Amino acid sequence: VVREEDRFYDPGYASVADRRIRCWKPGGHGSQSFTEVVMNSCNPGFIEVGLRLGKERFYKYLQAFGFGRQTGLGLPGEARGIVIPEEQATNLNLATMSIGQSVAVTPIQLLTATCAVANGGVLMRPQLVREIRDSAGNVVASFQPQPLRRVLSPQQARQVADLLCSVVLKGTGRNAFIEGY
């Protein structure tokens, strides 16, 4: 629903239903490309993208990336996170979920989804260890990576990775930049 060069205008807020959802930058970012929307963490830009996706496609991606369900990590007490049921979601919910509100994900869900981008669009079952050894150093159990499903094409994953890199190279995440990564 969006290309990197598509233009967006941020006057400092987005109006959805009866609400005004503000951008973090007073007065907004003005005219910007989608790449700049990502680099600037622009709430109104992301809201527009979420609304363009629509509820059905938005939830398709939430489910594909594993939000709202356990990851299968195998640890007791793993939470599912909190996702508004699709049949109850409104445009206002889509808008706020598009900026990371009205949804709660676990750190392992977020890491798993991020790794899917780094893995060329393939969502993997998260694992904490490669193998378990006994006191003598013998391998007692080993674990192999398990692909679960493709969530993005390799080309889409590369585009998303490049956009995310632009955030730490030139955008709001500059303080997170680490040379060599």
Pick from 137, 28, 68: which residue has the top mean-square fluctuation in a GNM of the chain where Cα pairs under 10 Å get a spring? 137
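Out of the trypsin sites (Lys or Arg not before Pro) in segment 85-181, which ones are loop residues according to DSSP with at most 15 other C-beta atoms within 10 Å?
Here the trypsin sites (Lys or Arg not before Pro) that fit, given the DSSP loop and packing criteria, are 130.
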With Cα coordinates, the longest principal axis of the chain makes an angle with the long axis of helix 107-118, in degrees rounded to 10, of 80 degrees
Angle in degrees between helix 154-170 and the longest Cα principal axis of the chain, rounded to the nearest 10: 70 degrees
Computed lengthening from residue 139 to residue 13, 0.36 nm per intervening residue step minus Cα-Cα distance: 39.7 nm
GNM on the chain, Cα springs under 10 Å; top mean-square fluctuation among 95, 14, 79 goes to 79
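Longest segment of the chain with no GluC sites (Glu not before Pro) in a DSSP loop having at most 12 other Cβ atoms within 10 Å? Provide the component values of the computation, followed by the final result.
Details: sites that count: 5, 179.
That gives 6-178 as the longest site-free run.
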For the chain, modelled as a Gaussian network with Cα springs under 10 Å, which listed residue fluctuates most, 134, 18, 162? 134
Under a point-charge model restricted to the Cβ atoms of Lys and Arg (+1) and Asp and Glu (-1), what is the dipole moment magnitude of segment 28-110 relative to its Cα centre, in debye to the nearest 20? 120 debye
Using +1 at the C-beta of Lys and Arg and -1 at the C-beta of Asp and Glu, which of 15, 39, 50 has the Cα lying farthest in the positive direction of the dipole of segment 1-56? 15
Those trypsin sites (Lys or Arg not before Pro) from segment 1-87 that are DSSP loop and have at most 12 other Cβ neighbours within 10 Å turn out to be 3
Dipole magnitude of segment 32-181, debye to nearest 20 (Cβ charges: Lys/Arg +1, Asp/Glu -1, about Cα centre): 220 debye
Heavy-atom accessible area of the chain with neighbours in place, 1.4 angstrom probe: carbon+sulfur share in percent works out to 53 percent
Accessible surface, the chain, averaged per residue in Å² (probe 1.4 Å): 62 Å²
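The values are calculated or read from the model by the stated rules, or taken from the named source; none is laboratory data. Here the structure is a predicted model, which means the values were calculated and not measured. With ideal geometry, Cβ positions are generated from the backbone for all residues, glycine too; neighbour counts draw on all protein chains shown. Heads up: the accessible areas ignore ligands, DNA and RNA and are worked out on the full protein's heavy atoms, side chains in. Shrake-Rupley method; radii C 1.70, N 1.55, O 1.52, S 1.80 Å.
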